[in-house]
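Inspection log for the structure reproduced underneath, given as structure tokens.
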Amino acid sequence: MAAVGAIAAAGALVLASCGSAGSTEAAAANGAQAAGGAAQNYAAVIKGLDNPFFQTMKQGIDDQAKTSGATVTVQAANSITDTTGQADKLNGLAGQDFSCYIVNPISGTNLIQGLAKLSMMNKPVVNIDSPVDPTAAKSANVKLATYVGTDNREAGKMAGQRMTETLPSGGDVAAIGGIAGDVTSGARIEGFNQGIGKNVKVVQTVAADWDRQTALTAATNVLRAHPNLAGFFVANDDMGLGVARAVADAGKTGKIKVISVDGIKDALQAVKAGTLEATVAQYPYTIGQMGVEACQAATSGKTLPASVAAPVELVTKDTADKALASTPKPFGPYEDPYKALTQ
């Protein structure tokens, strides 16, 4: 789910400061050494595998490890809200001899202690998806090699523009965010507000904890409060599917437009079926791949870009088949500067 703040903020940090739990390993038989002799023995700490987005991210990490001949130990938080457990996993891995670390923090600050330890040891750290908080990192002397993730404001803006196109006469809409105060959610909603036209009005914004059932309940309550609602913007697909169910229960599928963000397979199928108007697809598989490529480049002594924007694509009914055929990878072209650095 993507990036907790603007990509520019993550880049500024880099320049200024330079699962269930269980471990899985993906390796080629002779993957101990990179080109030039650098060890390809990496660790990754990601968000909870209770969410399909992060299951797909792990798949991208594992597949790129196999492709490159690296060994990557992946550990995940017990859930998408398990900040303490995730921090404990990083602290444990920081005491082991990995040559590079990939981190996807639950919050901007929950991994700071472990990251500070890694920076003291001069271990390269690749930050993916959700940026580490720049202020906290600077205070702790945390150094990051690079950041790769979705520009969440841009993703929200794309959704807002699509909502405006589908409501040519305008109308009232509601926004369903993730955890209250979450920066990822806030950036997507902020972008959505920037993208909508003057005749589209956000009349209510509520938090649904990134959870499908919670979103269903929240949307049901919003529909009671606003019987003439024309649409919902939802900060992730899992919640979006819950909102779509609430709309269906009200007998208004197709009449109330639901647009969400992520591009998980269930959402792509819902767009094809017409229960979702659209999803702004980001690609956790590609983010995971890029994270491993960045470690390959960093351990080979290459200079990495401060930040890289991961691909995003608007998926509508017209492009749903193409997106489904390509998932979990993008169906259109995108830039990957890390790949060039590994060749």
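Of the conditions (1) open to solvent by 20 Å² or more (accessible area, probe 1.4 Å); (2) touching a strand residue (DSSP E or B) at 6+ places or on another chain (Cβ under 6 Å), Gln96 satisfies every one except a single condition; which number is it?
Result: Gln96 fails condition (2) only.
What are the pairs with Cβ atoms under 7 angstrom where one residue, in region 296-311, is under 25 Å from Thr327 (Cβ atoms) and open to solvent by 30 Å² or more (accessible area, probe 1.4 Å) and the other, located anywhere, is in a loop (DSSP other than H, G, I, E, B) and of a type in the set (Asp, Glu)? Sequence gap at least six, or different chains.
Ala309/Asp151
Could you tell me which residue of region 221-261 is surrounded by the most Cβ atoms within 10 Å (Cβ to Cβ), considering only residues that are part of a loop (DSSP other than H, G, I, E, B) and small (Gly, Ala, Ser)?
Filtering region 221-261 for residues that are part of a loop (DSSP other than H, G, I, E, B) and small (Gly, Ala, Ser), the one surrounded by the most Cβ atoms within 10 Å (Cβ to Cβ) comes out as Ala235.
If I ask for residues that are buried (at least 21 other Cβ atoms within 10 Å of the Cβ) and in contact with a Gly (Cβ under 6 Å, 6 or more places away or on another chain), which ones from region 161-171 would you list?
Met163
Identify, please: which residue in region 145-160 is open to solvent by 10 Å² or more (accessible area, probe 1.4 Å) and part of a loop (DSSP other than H, G, I, E, B) and is, among those, farthest from Thr286 (Cα to Cα)?
Ala145
Residues that are more than 21 Å from Gly149 (Cβ to Cβ), open to solvent by 10 Å² or more (accessible area, probe 1.4 Å), touching a Lys or Arg at 6+ places or on another chain (Cβ under 8 Å) and modelled with pLDDT of 95 or more: does region 172-195 have at least one?
Checking region 172-195: at least one residue is more than 21 Å from Gly149 (Cβ to Cβ), open to solvent by 10 Å² or more (accessible area, probe 1.4 Å), touching a Lys or Arg at 6+ places or on another chain (Cβ under 8 Å) and modelled with pLDDT of 95 or more.
Can you tell me which residue among Pro134, Pro105 is of a type outside the set (Ser, Thr, Tyr) and closer than 19 Å to Ile287 by Cα?
Pro105
The values are calculated or read from the model by the stated rules, or taken from the named source; none is laboratory data. These numbers come from a predicted model, not from an experiment. Neighbour counts run over all protein chains shown; Cβ positions are idealised from the backbone, glycine included. With ligands, DNA and RNA removed, areas are computed over all heavy atoms of the protein, side chains included. Shrake-Rupley method; radii C 1.70, N 1.55, O 1.52, S 1.80 Å.
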